[in-house]
Amino acid sequence: MARVVLVTGGSRGIGAAVCRLAARDGWDVAVAYREREAAAERVAEDVRAYGRRAITIRCDITDPRAVCAAFDRAAEELGYVEALVSNAGVIHKAAPLACIPIEEIRRIIETDLLAHIICNREAVRRMARSRGGRGGVIVNISSMATELKGAGGFVPYAAAKAGIDLLTEGLGKEVASEGIRVNGVRPGLIDTDMQLDTGVPERIQRFGPTVPLGRAGRPEEVAEAVVWLLSDKASYVAATIFNVSGAR
């Protein structure tokens, strides 16, 4: 029987890498995206090249109805959704908190925390054995910004990501007895186009050499940790957060 994973933010960066490596490891993939339809379709084609099934789903993860519909469609077209990778996120331009508009702070909190809570909630409602589910796996993507406390102008972003870490650990304990493993991954400085949204010129080139390993990470290096957590090899790992940060 095919195993099905729903990946939010699957059209680019870490999410796209997760989709591809999950397919390599035998998963059928629902690629959820917000705006980049063509990019999501290219990721789905990469999944199919591994011989796996793939669908793309446009989804505003801040809308509970849209999230519910995404799970419904994935289940209808691919089968029981055994795994969720809650990855989608945004970042703001680096600035002191006092200079960041309230509207921008609200956007960050809604997308980088509330939306993850919504996605995790819907996954649990589908996977919990007490609700008729067969168990499953959730992997939440936060950020090493939580450990760095948002230094460098990213306090709202770090606060939201810290909430994801608490969600991961708390929910992981709450639903372990339901057959659901909830874990998290904290990426460090990763070379994706999301870095352009920080407003910091040449951020990867400037800060990559300051990482103890001497460089920025690649999306695939984060994805390898994620797909391991999805696998049965991680069957006794729950309510745990992994740093993938080059020791930063």
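The table that follows gives values for the structure above.
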quantity: Residue within the range 214-221 that is in contact with a Pro (Cβ under 9 Å, 6 or more places away or on another chain), in contact (Cβ under 8 Å) with a residue 60 or more places away in the chain, part of a strand (DSSP E or B) and within 30 Å of residue 99 (Cβ to Cβ) present; calculated: no
quantity: Some residue of the range 98-120 being of a type outside the set (D, E, K, R), assigned to a loop (DSSP other than H, G, I, E, B) and more than 23 Å from residue 183 (Cβ to Cβ); calculated: yes
quantity: Residue that is modelled with pLDDT under 95 and not hydroxyl-bearing (Ser, Thr, Tyr), where the choices are 100, 91, 57, 105; calculated: 91
quantity: Residue in the range 228-244 that is farther than 26 Å from residue 20 by Cα and not in a helix (DSSP H, G or I) present; calculated: no
quantity: Condition broken by residue 133, with the remaining ones in (1) under 16 Å from residue 245 (Cβ atoms); (2) touching a residue at least 12 places away in the same chain (Cβ under 8 Å); (3) surrounded by fewer than 20 Cβ atoms within 10 Å (Cβ to Cβ) satisfied; calculated: (1)
quantity: Odd one out for residue 85 among (1) closer than 19 Å to residue 118 by Cβ; (2) surrounded by fewer than 16 Cβ atoms within 10 Å (Cβ to Cβ); (3) in contact (Cβ under 8 Å) with a residue 40 or more places away in the chain; calculated: (2)
quantity: Verdict on residue 203 being modelled with pLDDT under 95 and basic (Lys, Arg); calculated: yes
quantity: Residue selected from the range 185-244 under the condition of a type in the set (Gly, Ala, Ser) and more than 22 Å from residue 92 (Cα to Cα), by the criterion nearest to the chain's Cα centre (by Cα); calculated: 223
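Yes or no, residue by residue, for (1) surrounded by 24 or more Cβ atoms within 10 Å (Cβ to Cβ); (2) assigned to a strand (DSSP E or B); (3) within 17 Å of the chain's Cα centre (by Cα); (4) aliphatic (A, V, I, L, M):
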| site | (1), (2), (3), (4) |
| --- | --- |
| 22 | yes, no, yes, yes |
| 32 | yes, yes, yes, yes |
| 43 | yes, no, yes, yes |
| 48 | no, no, no, no |
| 65 | no, no, no, no |
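To keep it simple, each residue is scored yes or no on (1) more than 26 Å from residue 109 (Cβ to Cβ); (2) outside any helix (DSSP H, G or I); (3) within 16 Å of the chain's Cα centre (by Cα).
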| site | (1), (2), (3) |
| --- | --- |
| 150 | no, yes, no |
| 162 | no, no, yes |
| 166 | no, no, yes |
| 173 | no, no, no |
| 176 | yes, no, no |
| 183 | no, yes, yes |
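The values are calculated or read from the model by the stated rules, or taken from the named source; none is laboratory data. Since the model is a prediction, treat every value here as computed from it, not as a measurement. FYI the Cβ positions are ideal-geometry reconstructions off the backbone, even for glycines, and counts take in every protein chain you see.
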